[in-house]
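Below is one structure, written out as structure tokens; comments come after it.
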Amino acid sequence: DQGDRIERLLALRARAADHLIRLAWQRCMPAAQGLSLFAVGGYGRGELFPHSDIDVLVLGETSAQHAAEAGLSRLFALLWDCGLPVSHAVRSLQQCRDAAADQTVLTALIEARPLVTADGARGALRQATNDGSLWPPRAFFLAKLEELRTRHARFGDTADNLEPDIKDGPGGLRDLNTLGWMALRAFGVRELEALVGLGHLGADEAVALQRERAVLAGLRYGLHLVAGRPEERLRFDYQKTLAARLGFEDDAESLGVEKMMQGFYRAASVVRRISDRLLQRFEEQFDGEAVPEPLTVGFSLRRGYLAANDADWPRGEIGEVFALFSSWANNPQVRGLHSLTARALAEALPQLPGYQQACPHTRQQFLSLLRQPRPVDTLSRMARLGVLGQWVPAFAQVSGRMQFDLFHVYTVDQHTLMVLRNMGEFSSSRAAERFSIAHEVWPRLRKPELLLLAGLFHDIAKGRGGDHSELGAVDARAFCQTLEMSAADTDLVAWLVEQHLRMSVTA
């Protein structure tokens with residue numbers, strides 16, 4: 001409530017729990033022989049949220065466990081009685097090795113931090129979990145990568161919904177933890193920042209991850225306090241209370257809660273963007289850098305990822321960026337963007353011109369992207385990589401913008417992209433029953449890109465005050481005129497944006 005740094009709060013809370021647990025151990029286990037106590041899991045990392053479980057491991061041989069059974073019972077009863085939500089495991093070294101066949105158990109053990117240790121116990125536990133035959137780094141990486149993808153799928157592969165999960169959702173704290181576990185297993189480093197020196201992470205990327213981790217951790221800490229329990233989902237009924245507690249205030253353009261949520265969505269977006277690059281670098285570390293395969297002029301495939309051949313790409317030219325997306329659209333075998341090219345793009349973003357400053361040829365390049373295969377995929381990729389917001393500044397303003405009501409279940413930018421995806425479905429050969437008429441009409445459209453532009457601009461003026469349909473129509477008209485589209489096409493796009501609410505009501 002006093003605005004202290006979240007990293008300090010988490011560390012102080014863990015330190016307070018350390019102190020209480022050591023006092024309880026001294027009281028209940030004064031003569032314990034051969035037993036050690038470790039903090040594991042998130043508590044082992046030295047960070048503790050207000051209502052998170054406190055995971056501990058009692059390590060010792062079976063004979064020592066039996067001898068101390070009564071004392072251990074008193075210990076955990078005392079901790080529970082004083083309000084600490086302690087979860088515990090009592091294992092020998094061999095039992096730890098056996099349990100670590102499950103990578104989730106190994107994950108908790110590799111972060112073990114000693115609280116009360118017998119001689120040599122710390123080294124023995126580290127040696128047991130670092131056994132080369134037990135989850136080698138590459139196997140551990142692949143298991144964690146599959147776990148991450150499965151977890152993302154549970155949330156529809158997006159963080160941009162009304163009630164996001166701060167911990168487990170895409171772009172959440174669990175993603176950062178997963179990167180840390182991979183780095184620890186593969187390179188033996190306990191902080192992602194250490195990857196900068198190893199060449200796997202840029203200094204700017206490390207700073208960005210640290211900044212967004214603080215945003216996410218602050219929200220999770222506050223949510224625990226507001227909910228009074230270990231709540232990880234930023235539910236609708238907690239959002240306003242949390243925003244007020246964190247000092248977000250209403251103004252003429254936005255509610256305080258909308259500002260808070262926009263901060264979350266943007267943080268999650270940055271985490272996902274940098275995570276994608278780092279995961280790819282880990283993959284290259286294990287499998288080696290592939291020989292480039294020529295694809296189109298200026299671009300090649302490296303292990304299925306699209307890469308720019310020129311080390312200085314894109315040289316501040318947004319036309320070069322559009323050429324990249326054109327190559328991507330015309331080669332469906334591309335798995336994604338190569339990490340080095342993605343980083344070069346991120347670094348170049350602030351210098352790229354918007355549509356108003358771009359040259360006529362570049363503006364025509366953008367329109368041609370809307371006429372190429374899978375234009376909706378292209379717009380989605382441009383949005384996720386930050387290019388669309390740079391090209392159309394008004395889109396950047398609604399990026400991560402939520403509306404505090406139960407009707408709009410996605411942020412404005414994600415809602416817009418979903419509308420475009422629906423339009424993309426109209427062009428598929430298999431007609432959906434819900435949109436059967438649209439499937440009949442789509443093949444007759446001479447210029448389907450006009451419909452896509454109307455979809456892109458229909459909510460772009462949300463949050464400015466006034467009628468967003470009318471304001472959006474002004475933006476759409478200015479965009480079309482700047483791109484030197486015909487008067488008829490410009491009028492049609494602007495009319496579609498201006499009338500979209502009437503269409504919805506009528507339908």
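Need the failing condition index for residue 442 against (1) without any contact (Cβ under 8 Å) to a residue 24 or more places away in the chain; (2) of a type in the set (Phe, Trp, Tyr); (3) under 21 Å from residue 355 (Cβ atoms); (4) open to solvent by less than 60 Å² (accessible area, probe 1.4 Å), just the number.
(3)
Could you look through segment 378-428, keep only residues that are charged (D, E, K, R) and assigned to a helix (DSSP H, G or I), and pick out the one that is modelled with the highest pLDDT?
Looking at residues that are charged (D, E, K, R) and assigned to a helix (DSSP H, G or I), I get 381.
Can you say whether residue 344 is farther than 21 Å from residue 420 by Cβ, open to solvent by less than 50 Å² (accessible area, probe 1.4 Å) and part of a loop (DSSP other than H, G, I, E, B), as far as the supplied structure shows?
Here the answer is no, as residue 344 does not meet what is asked.
Yes/no matrix, rows are residues, columns are (1) among the charged types (D, E, K, R); (2) within 27 Å of the chain's Cα centre (by Cα); (3) over 21 Å from residue 108 (Cα atoms); (4) open to solvent by 30 Å² or more (accessible area, probe 1.4 Å):
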site: 4; (1), (2), (3), (4): yes, yes, yes, yes
site: 21; (1), (2), (3), (4): no, no, no, no
site: 37; (1), (2), (3), (4): no, no, no, no
site: 44; (1), (2), (3), (4): no, yes, no, no
site: 49; (1), (2), (3), (4): no, yes, no, no
site: 69; (1), (2), (3), (4): yes, no, yes, yes
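With 205, 193, 163 as the choices, which residue is closer than 16 Å to residue 275 by Cβ and either open to solvent by 50 Å² or more (accessible area, probe 1.4 Å) or in contact with a strand residue (DSSP E or B) (Cβ under 6 Å, 6 or more places away or on another chain) (or both)?
Just one listed residue meets the conditions, 193.
Out of curiosity, is residue 146 among the acidic types (Asp, Glu), open to solvent by less than 30 Å² (accessible area, probe 1.4 Å) and under 22 Å from residue 282 (Cα atoms)?
Considered against the rule, which asks whether it is among the acidic types (Asp, Glu), open to solvent by less than 30 Å² (accessible area, probe 1.4 Å) and under 22 Å from residue 282 (Cα atoms), residue 146 comes out as no.
Got a number for residues in segment 285-307 being over 28 Å from the mean Cα position of the chain (by Cα), closer than 25 Å to residue 388 by Cα and not in a strand (DSSP E or B)?
Number satisfying all stated conditions: 2.
Residue by residue through segment 85-104, note down the ones that are under 28 Å from the mean Cα position of the chain (by Cα) and open to solvent by less than 30 Å² (accessible area, probe 1.4 Å).
100, 103
Hey, among 215, 207, which residue is modelled with pLDDT of 90 or more, farther than 24 Å from residue 414 by Cβ and either β-branched (Val, Ile, Thr) or under 14 Å from the mean Cα position of the chain (by Cα) (or both)?
Answer to the check: 207.
Check segment 143-152 and report whether any residue there is in contact with a strand residue (DSSP E or B) (Cβ under 6 Å, 6 or more places away or on another chain) and closer than 27 Å to residue 401 by Cβ.
no
Across segment 218-236, which residue is surrounded by the fewest Cβ atoms within 10 Å (Cβ to Cβ) among those that are in contact (Cβ under 8 Å) with a residue 60 or more places away in the chain and within 17 Å of the chain's Cα centre (by Cα)?
Going through the qualifying residues, I end up with 233.
Considering each residue of segment 376-388, count those that are within 16 Å of residue 348 (Cβ to Cβ) and over 18 Å from the mean Cα position of the chain (by Cα), and give that number.
1
For segment 319-335, state whether one or more residues are modelled with pLDDT of 95 or more and of a type in the set (Asp, Glu).
yes
Among the residues of segment 308-333, which ones are open to solvent by less than 20 Å² (accessible area, probe 1.4 Å) and assigned to a loop (DSSP other than H, G, I, E, B)?
313, 314
Scan segment 255-304 for residues that are open to solvent by less than 40 Å² (accessible area, probe 1.4 Å), touching a helix residue (DSSP H, G or I) at 6+ places or on another chain (Cβ under 8 Å) and touching a residue at least 40 places away in the same chain (Cβ under 8 Å) and report the count.
The number of residues fulfilling the criteria is 20.
Please go through segment 464-493 and give me each residue that is closer than 19 Å to residue 354 by Cβ and over 33 Å from the mean Cα position of the chain (by Cα), ordered by number.
474, 477, 478, 480, 481, 482, 483, 484, 485, 490, 493
Would you pick out the residues in segment 125-158 that are assigned to a loop (DSSP other than H, G, I, E, B), under 18 Å from the mean Cα position of the chain (by Cα) and touching a residue at least 40 places away in the same chain (Cβ under 8 Å)?
Matches in segment 125-158: 158 only.
Between a residue in segment 349-375 that is surrounded by 15 or more Cβ atoms within 10 Å (Cβ to Cβ) and any residue that is among the basic types (Lys, Arg), which pairs come within a Cβ distance under 7 Å, given they are 6 or more apart or on different chains?
These pairs meet every condition: 355/363.
The values are calculated or read from the model by the stated rules, or taken from the named source; none is laboratory data. Note that the structure is a prediction, hence the values are computed from the model and not measured. Methodologically, a virtual Cβ is constructed for each residue, glycine included, from the backbone with ideal geometry; neighbour enumeration extends over all protein chains shown. Protein only, heavy atoms only, side chains kept; ligands, DNA and RNA dropped before computing areas. Shrake-Rupley method; radii C 1.70, N 1.55, O 1.52, S 1.80 Å.
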